[in-house]
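J.: One structure follows; several queries about it will come next.
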Amino acid sequence: MFNLSTKEVVLSIAKAPVIKEKQFVYQHYYNFFGNLNKLSEDFGNLKFEKLENQEKYPRQKLSYNEKFSKQLQIFFMNSAITSALEEQYKTKLKFNSADLWIDNKNYFLKPHTDNNSIKLSLQIYLGEDQPGTCLFENKNDKDPFYIFKFNNNCGYSMLLDNSSYHGLEYPVKQDGRTSLYVRYN
């Protein structure tokens, strides 16, 4: 079921250039896990719950009591992964959490910043044909200057602060926008 390679992830982090654009510092990942067939799970048989501070939105996260969630936590707290991110971003990081999110129809977030306790976020998309994550110059922007397209096994990491406005490309049109979201302090 869960047989991901930390080596492949460390290599993905190491080979992706750090991009400094406008107020953002980020990496864009392609083929993040290498062979994603190693991540196989029937998500329908797992327990999901509402995400804290997003209870009114059609987003769910995998319960931290699920074995798969515990495996994700252990995987992303691996010191080799944290060190690779620290080296790329030239900053000290501490693992916070890893979530499996499923966004359903009509889920949408306009330009916003994340909780200021999060120093770096990493999101990897699991699936295709869903809205990606957009970067905006400010919270009132309607047109993003960069879009991380929602492609399977692709995603990004970025440093977060009170000017890192990001949001969805458009509202989710069909249930099942699935991604991994990892936080570092």
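The values are calculated or read from the model by the stated rules, or taken from the named source; none is laboratory data. Just so we're clear, the structure is a prediction, and the values are computed from it rather than from any experiment. Here Cβ is always computed from backbone atoms with ideal geometry, including for glycine, and neighbour counts include all displayed protein chains. These accessible areas exclude ligands, DNA and RNA; they are computed on the full protein's heavy atoms, side chains included. Shrake-Rupley method; radii C 1.70, N 1.55, O 1.52, S 1.80 Å.
J.: Could you tell me whether segment 38-59 includes any residue that is in a loop (DSSP other than H, G, I, E, B), at positive phi and touching a helix residue (DSSP H, G or I) at 6+ places or on another chain (Cβ under 6 Å)?
T.: no
J.: Quick check: anything in segment 54-64 surrounded by 13 or more Cβ atoms within 10 Å (Cβ to Cβ) and at pLDDT below 95?
T.: So far as segment 54-64 goes, yes, one or more of its residues are surrounded by 13 or more Cβ atoms within 10 Å (Cβ to Cβ) and at pLDDT below 95.
J.: Output the residues belonging to segment 83-123 that are over 15 Å from the mean Cα position of the chain (by Cα) and under 18 Å from K15 (Cα atoms).
T.: S83, A84, E86, E87, Q88, Y89, K90, T91
For (1) of a type in the set (S, T, N, Q); (2) open to solvent by 70 Å² or more (accessible area, probe 1.4 Å); (3) closer than 18 Å to K20 by Cα, each residue gets a yes or a no:
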site: E66; (1), (2), (3): no, no, no
site: E87; (1), (2), (3): no, yes, yes
site: H112; (1), (2), (3): no, no, no
site: L122; (1), (2), (3): no, no, yes
site: Q130; (1), (2), (3): yes, no, no
site: Y146; (1), (2), (3): no, no, yes
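J.: Considering segment 68-85 alone, what residues qualify as being open to solvent by 30 Å² or more (accessible area, probe 1.4 Å) and in contact with a strand residue (DSSP E or B) (Cβ under 8 Å, 6 or more places away or on another chain)?
T.: Selection gives Q71, Q73, M77.
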